[in-house]
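The values are calculated or read from the model by the stated rules, or taken from the named source; none is laboratory data. Everything numeric here is computed off the predicted structure, so don't read it as measured data. Virtual Cβ from ideal backbone geometry, glycine too; neighbours counted across all protein chains shown. With ligands, DNA and RNA removed, areas are computed over all heavy atoms of the protein, side chains included. Shrake-Rupley method; radii C 1.70, N 1.55, O 1.52, S 1.80 Å.
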Amino acid sequence: MSPCSFLFLLLTYFIIFSFGPTIIDASANVGVIIDVDSSIGREQKTAIKVAVQNFKSGSRNHNLEVHFKNINGSHPMQAVSAAEELVREQEVEAIVGIQTWEQAALVADIVGNGAQVPVVSFSAAAVTPPLVHSRWPFLIQMANNGSEQINCISGLVQSYHWRKVIAIYEDDSFGGGSGMITLLSDALNRVGAEVEYHLALPLYSSLAYPEIFFHEEVAKILGKQSRVFIVLGSSLPTATRLFAKAKQLGIMGGDSAWILGDSLSDILDSVDNSFISSVQGALGIKTYYSEDTIEFSDFKGQYQKIYRAEYQYPNESHFEPGFHAVQAYDSMNAVLEGVKSLGMNSHSKTSGLLLLNQILSNNFSGLGGNVQFHNGMLLRKQTFKIVNVVGRSYKEIGYWSSKFGFSKYDADNVKEPDMDAVNSMMKLPGVVNWPGDLNRVPKGFAMPSEANKLRIGVPGSASFDKYVKVEWDEINGKEKYDGFCIDLFEEVLKIVEEHYPIPYEFITHNGTYDSLIDKVINNTYDAVVGDVTILESRMKDVEFTQPFAESGLSMIVKVKDAPRAWIFLKPFTWNMWIATFAILFYTMFVVWFIEHQSNPEFRGPFRDQLGTAFWFTFSSLFGSHRDNINSNYSKVVVVIWLFVVFVLTSSYTASLTSMLTIPRLEPSVTDIQWVRKTNRTVGCDGDSFVKNYLRNVLDIHNIKTINDQNDYPAAFMNGSIVAAFLELPYKKIFLDQYCSDYAEGGESYRLGGLGFVFQRGSPIARDFSEAILALSENGGLKRLENEVFGSFDNCSDKDKDENNTASLSFKSFWALYLVYGIISTICLVIFLVRLMKSYTVDNPVYDQVAPNDHGWHKVIKIVQSIGLVQYLGSLRLPSPRKSSSMTNATDAGFRSLRKASSMTYARLRSLKKAPSFTHAIDVDDRRTSEWSLARHSEYEGPGSSSQAEIEFTKLS
């Protein structure tokens, strides 16, 4: 060996053993369990190879081996066997794949927990089990549960006002679809819908005669009312056979609607044209992921290159990566990120636990969104793309997310929620191409046709035939249907048939209304046209239209003459009488206060003043007042008061005359409590609803059934009933005919109204409700009522007479009283102001009020000046007459005057003994005494003032 060759070998050995561990210092084995023979499995395998290729090219110091294990069925034990083989023979540190939750849970329980190998599953439970992370700590779910998909489906059902749906799913014998059914039922109940029927399909591979089986199962659907089909989960072979048979039996068109869950919608990019053609017009819910990123563009190129090179199937025409490819790529990257950060080089239980923790701590941006875990579950919120299968592919309609609901953009690109997000699919700009090229939203219900007409039950024995009347037509040899309900049904039908035809047939029902409703519930009838009362108990089982007539329960009784002993009080209500007396006394006070200052007729003892003022005011009511008034302010008040009196007396006279002229009748029974306590017999029609209401709600048990409206008067006359309970529409008819003899007594009990009945979930009920509202708004309903019932003129005239003779209330006169009160108060205030000014200027007492007097000094002087002098001045003595009786009265008056003056003088002196204060009192007392002397002289004549002088001297 030459020296150069030896040197080269030595250098190579040094490099290998010195730097080798840094070049390849770790290795890892990962197992993959998928169905490689399926289109989904091929997508997943290709995506995993892309992930491994990128990992190896970016991390040369890791040796990664991926071992694929193919399983051709969904039986959980197949997955368990494959996982055990991978752990035992390949010593894998992690397992990726597993398409169903049942397989994933069993593998995690037996293999994951036993060998402490992380299991990254492509599936998740429809309903997350309790303590899932504690039961399967080595299970990592790279999928979300079914709750958000179910909420999206319920949003679609609510948007199009579908009330019943049929759920279809593939049952794998392990109850995998039952959780989705539970979620769907709960979600639909929240939006007022329900699952009418659910069809569980077995695995296609397990069927010995698939053609016969699918024909029988799809034929069962034809017997149901709903035509909204929701395929929650299914394999491609089962779904292909299902849609082919449905199309053959004619339920892929007409008013049918199909909604595909993500299990089928996510593979629409890879299925062949035959499958696409079988689901034309269906709505699909695809799991959304962004295809506009650079990372996805690079992945797509690598994916297509590997896929074309590896799979050369003659029918394979789609090479686009779908959701399953994106999910598999992100799942493998989650494992590889853990391997890269951990640097594994041997298989052990310790390394498996470390790898698990490393995977769970991942937080990176994958192709499908952010990858982050909590308790082994993916934290990412899902966004769904709503697609419509049209032509050879599908078109996008909009998006749905739990954050925004339906929107024009995906959740990451919604910039203005108020503009971009809506609460209904119908508000999205995209137009849906429905099955069968239907140009409107499918009703989602088994609609009537000429072969299967709408079976309508009609009450054959209605108590009031103006609503429903059934009689035999001798000419045509068939039953004839007439009445308000029949006429209204025909008017409503004209509006509804502008959109779609409704062939129908009437069927007479002789029985109670409850039994008629029961026949709708058990599908004997499709609808009921008649005077059916809307009740809460009935709404639980059937669908009512908008009420076309208000309803309530009223008590009808005989009338009697009203007592007339106190009829003179009836023209005014109690509040009107109180207001009138209040304004009367206020007028009396104003006139007295103004006039007694200057008018001698309003002076004298206080009781005389009160009598004069009261007599003046009260006599003005009859125009017989004779007292003169001096003040202009009083004259203004009296003029306005006379106008008020004129209006009041005219109104009272007119009202009382009307009451005396028109006979006044009142109900003989006004309180239902009296009927209940006396246990008197009452009558009602034969409808069990009214009987039950009287017994259970009103606690009335003595009930007589009356089946015809014309039998009520006879029952009242012979005393077999004291009252009749009729629903409000029937009460109007009865009182219109007998309103002179009967009246409504007591209160009415409001009910839900009258409406037509349809089977629960029927879209025709909603269309009929809209038509009834349209008739109500354009006056058609009122016109029809007038044509059938007339205008109820008899009772209207009676009510009008009673309203015309009603007592007059304060509401009719408050403005008049207000104007009078304001004017009289203004006059009183002006008089007071002028009176105060006159005392201030002319009264000498005010001259004695010093500027430095305290407030108490001023008050006493003003009170003494105004109050005492005015009071004494207001005492009016009798005019002079030569009689002993008058002399005695005069002496008594002077004694009263002296006593009052002395008492006032003593009280004021006791309050304040200041010199100035005493002087003011003395001056006023002197003036008072002088005034008394003058009056006495005037009364007795010249030379007869000796007694007065004595009194004056005492006061001085």
Problem set entry | the range 548-563, subset touching a helix residue (DSSP H, G or I) at 6+ places or on another chain (Cβ under 8 Å) and open to solvent by 10 Å² or more (accessible area, probe 1.4 Å), residue modelled with the lowest pLDDT | 558
Problem set entry | Whichever residue in the range 359-389 is under 24 Å from residue 300 (Cα atoms) and among the aromatic types (Phe, Trp, Tyr) and, among such residues, is least open to solvent (accessible area, probe 1.4 Å) | 384
Problem set entry | Meets criteria (open to solvent by 10 Å² or more (accessible area, probe 1.4 Å) and either at pLDDT 90 or above or touching a Ser or Thr at 6+ places or on another chain (Cβ under 8 Å) (or both)) for residue 180 | no
For this session: Name the residue, out of 473, 541, that is charged (D, E, K, R), farther than 26 Å from residue 780 by Cα, loosely packed, with under 15 Cβ neighbours inside 10 Å and touching a residue at least 60 places away in the same chain (Cβ under 8 Å).
Result: 541
Exercise. Just one of the numbered conditions (1) open to solvent by less than 40 Å² (accessible area, probe 1.4 Å); (2) closer than 30 Å to residue 65 by Cα is not true of residue 341; which one?
Worked result: (1)
Exercise. Take the residues of the range 435-459 that are part of a loop (DSSP other than H, G, I, E, B) and touching a strand residue (DSSP E or B) at 6+ places or on another chain (Cβ under 7 Å): which is farthest from residue 197 (Cα to Cα)?
Worked result: 453
For this session: Return a yes/no flag: does the range 457-469 have any residue that is surrounded by 13 or more Cβ atoms within 10 Å (Cβ to Cβ), of a type in the set (Lys, Arg) and in contact (Cβ under 8 Å) with a residue 60 or more places away in the chain.
Result: yes
Problem set entry | The one condition in (1) modelled with pLDDT of 90 or more; (2) open to solvent by less than 50 Å² (accessible area, probe 1.4 Å); (3) not in a helix (DSSP H, G or I) that residue 68 fails to fulfil | (2)
Problem set entry | Count of residues meeting criterion [of a type in the set (Ser, Thr, Tyr) and over 27 Å from residue 252 (Cα atoms)] in the range 420-479 | 3
Exercise. Residue check: is residue 149 open to solvent by 30 Å² or more (accessible area, probe 1.4 Å), modelled with pLDDT of 90 or more, not in a loop (DSSP other than H, G, I, E, B) and not β-branched (Val, Ile, Thr)?
Worked result: no
Exercise. Does residue 96 meet the test of being out of contact with any Ser or Thr (no Cβ under 8 Å at 6 or more places or on another chain), open to solvent by less than 40 Å² (accessible area, probe 1.4 Å) and either of a type in the set (Val, Ile, Thr) or under 20 Å from residue 143 (Cβ atoms) (or both)?
Worked result: no
For this session: Count, please, the residues in the range 676-722 that happen to be farther than 24 Å from residue 517 by Cβ and part of a strand (DSSP E or B).
Result: 2
For this session: Could you tell me whether residue 267 is farther than 30 Å from residue 760 by Cβ, open to solvent by 20 Å² or more (accessible area, probe 1.4 Å), touching a residue at least 40 places away in the same chain (Cβ under 8 Å) and touching a helix residue (DSSP H, G or I) at 6+ places or on another chain (Cβ under 8 Å)?
Result: no
Exercise. Applying the selection to the range 585-599, what residues are open to solvent by 10 Å² or more (accessible area, probe 1.4 Å) and touching a helix residue (DSSP H, G or I) at 6+ places or on another chain (Cβ under 9 Å)?
Worked result: 585, 586, 588, 589, 592, 593, 596, 597
For this session: Tell me, please, whether a residue that is touching a strand residue (DSSP E or B) at 6+ places or on another chain (Cβ under 8 Å), modelled with pLDDT under 90 and among the β-branched types (Val, Ile, Thr) can be found in the range 248-261.
Result: yes
Problem set entry | Selection status of residue 745, open to solvent by less than 60 Å² (accessible area, probe 1.4 Å), under 30 Å from residue 495 (Cα atoms), assigned to a strand (DSSP E or B) and touching a helix residue (DSSP H, G or I) at 6+ places or on another chain (Cβ under 9 Å) | no
Exercise. Is the range 788-800 home to any residue that is among the β-branched types (Val, Ile, Thr) and either at pLDDT below 75 or open to solvent by 30 Å² or more (accessible area, probe 1.4 Å) (or both)?
Worked result: yes
Exercise. So which residues in the range 215-244 are open to solvent by 10 Å² or more (accessible area, probe 1.4 Å), over 35 Å from the mean Cα position of the chain (by Cα) and more than 20 Å from residue 153 (Cα to Cα), if there are any at all?
Worked result: 215, 216, 217, 219, 220, 222, 223, 236, 237, 240, 241, 244
Seminar exercise, completed: Checked pairs for the range 346-361, first at pLDDT below 85, second open to solvent by 40 Å² or more (accessible area, probe 1.4 Å), C-beta under 6 Å and 6 or more apart or across chains, list as 347/91; 349/116; 352/116
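Matching residues to (1) surrounded by 18 or more Cβ atoms within 10 Å (Cβ to Cβ); (2) under 26 Å from residue 705 (Cα atoms); (3) without any contact (Cβ under 8 Å) to a residue 40 or more places away in the chain; (4) under 29 Å from the mean Cα position of the chain (by Cα):
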site	(1), (2), (3), (4)
513	yes, yes, no, no
518	no, yes, yes, no
529	yes, yes, no, yes
537	no, yes, yes, yes
545	yes, no, no, yes
Seminar exercise, completed: Residues of the range 212-238 being assigned to a loop (DSSP other than H, G, I, E, B) and over 11 Å from residue 169 (Cα atoms), in sequence order, are 223, 224, 225, 227
For this session: For residue 508, indicate whether it is open to solvent by less than 20 Å² (accessible area, probe 1.4 Å) and either touching a strand residue (DSSP E or B) at 6+ places or on another chain (Cβ under 7 Å) or farther than 21 Å from residue 753 by Cβ (or both).
Result: no
Exercise. What is the one condition in (1) modelled with pLDDT under 85; (2) under 18 Å from residue 36 (Cβ atoms); (3) under 54 Å from the mean Cα position of the chain (by Cα); (4) not hydroxyl-bearing (Ser, Thr, Tyr) that residue 322 does not satisfy?
Worked result: (1)
For this session: Would you confirm whether any residue within the range 116-138 is crowded, with 23+ Cβ neighbours inside 10 Å and touching a Pro at 6+ places or on another chain (Cβ under 8 Å)?
Result: yes
